[in-house]
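The values are calculated or read from the model by the stated rules, or taken from the named source; none is laboratory data. Nothing here was measured: the structure is a model prediction, and the numbers come from that model. We place every Cβ from the backbone using ideal geometry, glycine too, and count neighbours over all the protein chains shown.
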Amino acid sequence: MSTYRAPLSDMRFALFDVLGAEALFARLGFDAATRDTVDAVLDEGARFAETVLAPLNAVGDASGCSFDAQTGEVTTPPGFRQAYAQYVDGGWPGLVSPEAFGGQGLPHAAGVPLKEMIDAANLAWGNFPLLSHGATEALLHHGEAWQQDAFLRPIVQGTWTGTMCLTEPQCGTDLGLLTTRAVANDDGSHSITGTKIFITAGEHDFTDNIIHLVLARLPGAPAGSKGISMFIVPRMQVDRDGTVGARNAVRCGALEHKMGIHGSATCVMNFDGARGYLIGEPNKGLAAMFTMMNTARLAVGLQGLGIADRAWQNALRYARERLQMRALSGPKFPEQRADPIIVHPDVRRMLLTQKALVEGGRVLGYHAASLIDIVSHGADAAERAQADALLGFLTPIVKACLTEWAVECTYHALQCFGGHGYIAEHGMEQLVRDARITTLYEGTTGIQALDLMGRKTLQQHGAGLRVMLAMIEDFCADSANQQAAGEFIAPLREKAAEWQELTRTIGLRAAADPDEIGAAAYDYLFYSGYVALAYWWARSVVAADASTHSSAFKAAKRETARFHFARLLPRTLMHKAAIESGAGPLMSLEAERFDA
């Protein structure tokens, strides 16, 4: 069985030493988010994750959820419901929600370490409260006052949970093809009819009520994505004054049988004239949906980070304990029958890859979370606009790269265990299976790549990229004379210039052939991820050098940064070559000849 210990030291380093969160929170007016408060949140969150959630991880994988076809009810794995009760008792659901609705009002960035810990400890369990935060954001930004009073408060308190009901059997990601319909009732509500699939936590036994945010079409709505509206559809009917009534006409029709996250209820949901309420404007449902989706995409990126960290921790422990062969340069532990496998270069390659991607990815993900706080609480309009542009640019990078790197890290971790990693005893194969879903839900890696290349870069004329490049240049200029950063400045500046030129080249090609966007998108995404990580590794070295951390900690940061620049950043050369090859190699083979 795999184990988990929250990496509190590195979390605090990322949050406070690299990102300067204490000063940022004070500047943004989060008076309650003092260092002592955030430290207490981290300590107590670690206790909950390590002692309550982590022991249930293998339990959930082995038993899964059960479904009663007669009643449509779902029973979660043993201990899951009781863990959620402790989660609510601890006040965790409202940690970063506004105090006006019963939350604690802490910054979003102060909550992301807790999110990482939960997902590392028990990814399947973490899916149940995951989308409640998205529902909270949608109601805050688009809900009417009565909707916020009736629905938002119980979600913030954790007595109700939320879902996103978007996808249908025939449409997948192309929501313009959805057919769920909404018909107005005389009392101002709507009757919702249709089937939604892949609904995370669509039915469970944690709470008495579940609030579904459902995309549907009104009569006469325009075709495609321009004719989609969003509706609040509770499992138990709720009147405008908050009174809870009878069971609504929404029912789980089946549970999906999945490769991983067995403890998470992935539901087919049937709406048979269910009573719901329009949220936001008619035919503007996609705008409300993206309020939830962007939050969820960052959250899924943190899922990837958490599960990669757990895999890395266990691989490192095993590599230090497992004795096998002698080092090629001679015995390192002559008193033992063999050397631990951590002395072997190839094992070190796998371990350092994990360390570089996890610790660098942590700063990348936490930085994106801090931008949410600046966008919502920054006093300066120009600063808010810059943060918003950068957040939009980084969201697909965080979601796609951290989840794809989780697949790579769990693969390496399993490989470190050798044959023992392939059997269930050590828990590595569960982490591999669980990690795989993170690249798929809330938009596949290909969807993230298209979003980054098309919408966030070309359509917005590189607004977010320009902010990122300016950050890199400012850092390089400020650190040029600092010994700590000296070796990283030149290669970082070179990559930043190449990044800008590569973007311009893709834009020029796309003007002549739109397929160039799709052809370049995947490689552009990962090119961007590795350069962004190089920036944060250089920043981490400088922050470590200026900190009060031990000399061993500082040396580890420097050597891992050197590994990233020497071994991982060169992956950009492959991605650049693929981009420069253009759309031709991808599009020249006719579809009917693929099996020729």
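Among residues belonging to segment 283-303 that are polar (S, T, N, Q) and in a helix (DSSP H, G or I), point out the one that is farthest from L130 (Cα to Cα). Quick ask: steps written out before the conclusion?
Filtering segment 283-303 for residues polar (S, T, N, Q) gives 283, 291, 294-295, 303.
Then keep just the ones that are in a helix (DSSP H, G or I); that gives 291, 294-295, 303.
Working: T291: 14, N294: 13, T295: 10, Q303: 10 Å.
The qualifying residue farthest from L130 (Cα to Cα) is T291.
Any residue in segment 258-265 that is in contact with a Pro (Cβ under 6 Å, 6 or more places away or on another chain), over 20 Å from L178 (Cα atoms) and at pLDDT 95 or above?
Just the residues of segment 258-265 that are in contact with a Pro (Cβ under 6 Å, 6 or more places away or on another chain), to begin with: 263.
Keeping just the survivors that are over 20 Å from L178 (Cα atoms) gives 263.
Filter once more, so that each one left must be at pLDDT 95 or above: 263.
Yes - at least one qualifying residue is present in segment 258-265.
Can you tell me which of P129, P77 is modelled with pLDDT of 95 or more, under 24 Å from M269 (Cα atoms) and in a loop (DSSP other than H, G, I, E, B)? Break it down into steps so the answer makes sense when it comes.
Numbers: P129 fails: in a loop (DSSP other than H, G, I, E, B).
Every option except P77 fails the conditions.
Would you mention how many residues in segment 47-74 are hydrophobic (A, V, I, L, M, F, W, C) and assigned to a helix (DSSP H, G or I)? Can you show your working first?
Keep residues of segment 47-74 that are hydrophobic (A, V, I, L, M, F, W, C), which gives 48-49, 52-54, 56, 58-59, 62, 65, 67, 69, 74.
When the remaining residues are screened for being assigned to a helix (DSSP H, G or I), the result is 48-49, 52-54, 56, 58-59, 62.
So the count comes out to 9.
Here is a yes/no grid of residues against (1) modelled with pLDDT of 95 or more; (2) buried (at least 19 other Cβ atoms within 10 Å of the Cβ); (3) at positive phi:
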position: G427; (1), (2), (3): yes, yes, yes
position: M453; (1), (2), (3): yes, yes, no
position: E473; (1), (2), (3): yes, no, no
position: A484; (1), (2), (3): no, no, no
position: E498; (1), (2), (3): yes, no, no
position: L508; (1), (2), (3): yes, no, no
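Picking from L286, L298, L278, L302, which residue would you name as being touching an Asp or Glu at 6+ places or on another chain (Cβ under 8 Å) and among the hydrophobic types (A, V, I, L, M, F, W, C)? Step through it out loud before you land on a result.
On the way: L286 fails: touching an Asp or Glu at 6+ places or on another chain (Cβ under 8 Å); L298 fails: touching an Asp or Glu at 6+ places or on another chain (Cβ under 8 Å); L278 fails: touching an Asp or Glu at 6+ places or on another chain (Cβ under 8 Å).
Going through L286, L298, L278, L302 in turn, the sole match is L302.
Of the conditions (1) under 22 Å from D119 (Cα atoms); (2) in contact with a Phe, Trp or Tyr (Cβ under 8 Å, 6 or more places away or on another chain), R35 fails just one. Which one is it?
(1)
How many residues, within segment 187-199, are crowded, with 20+ Cβ neighbours inside 10 Å and either in contact with a helix residue (DSSP H, G or I) (Cβ under 7 Å, 6 or more places away or on another chain) or at negative phi (or both)?
6
On the given criteria, is T3 among the β-branched types (V, I, T) and either part of a helix (DSSP H, G or I) or surrounded by 21 or more Cβ atoms within 10 Å (Cβ to Cβ) (or both)? Steps first, answer last, please.
Numbers: among the β-branched types (V, I, T): yes; either part of a helix (DSSP H, G or I) or surrounded by 21 or more Cβ atoms within 10 Å (Cβ to Cβ) (or both): no.
Considered against the rule, which asks whether it is among the β-branched types (V, I, T) and either part of a helix (DSSP H, G or I) or surrounded by 21 or more Cβ atoms within 10 Å (Cβ to Cβ) (or both), T3 comes out as no.
Kindly indicate the residue of segment 290-304 that is more than 8 Å from the chain's Cα centre (by Cα) and among the aliphatic types (A, V, I, L, M) and also nearest to D174 (Cα to Cα) among those meeting that condition. Before you say what the answer is, go through the steps one by one.
Of segment 290-304, the ones more than 8 Å from the chain's Cα centre (by Cα) are 290-295.
Then drop every residue that is not among the aliphatic types (A, V, I, L, M), which leaves 292-293.
Numbers: M292: 17, M293: 14 Å.
Filtering first and then ranking leaves M293.
Among the candidates T71, T76, single out the residue that is on the phi < 0 side of the Ramachandran plot and either surrounded by fewer than 20 Cβ atoms within 10 Å (Cβ to Cβ) or of a type in the set (F, W, Y) (or both).
Working: T76 fails: either surrounded by fewer than 20 Cβ atoms within 10 Å (Cβ to Cβ) or of a type in the set (F, W, Y) (or both).
None of the others qualify; the one that does is T71.
Pairs under 9 Å by beta carbon, first residue farther than 18 Å from I447 by Cβ and without any contact (Cβ under 8 Å) to a residue 12 or more places away in the chain in segment 386-401, partner of a type in the set (S, T, Y) and crowded, with 24+ Cβ neighbours inside 10 Å, six or more apart or different chains?
none
With the condition being small (G, A, S) and within 21 Å of Q70 (Cβ to Cβ), I'd like the strands (runs of 3 or more DSSP E) fully within segment 177-282 carrying at least 2 qualifying residues. Can you show your working first?
On the way: elements: 181-184, 190-200, 209-216, 229-234, 236-238, 244-247, 250-255, 266-279.
Where strands (runs of 3 or more DSSP E) fall fully within segment 177-282 and carry at least 2 residues being small (G, A, S) and within 21 Å of Q70 (Cβ to Cβ), they are 250-255, 266-279.
Within segment 331-357, can you find the residues that are of a type in the set (K, R) and part of a helix (DSSP H, G or I)?
R348, R349, K355
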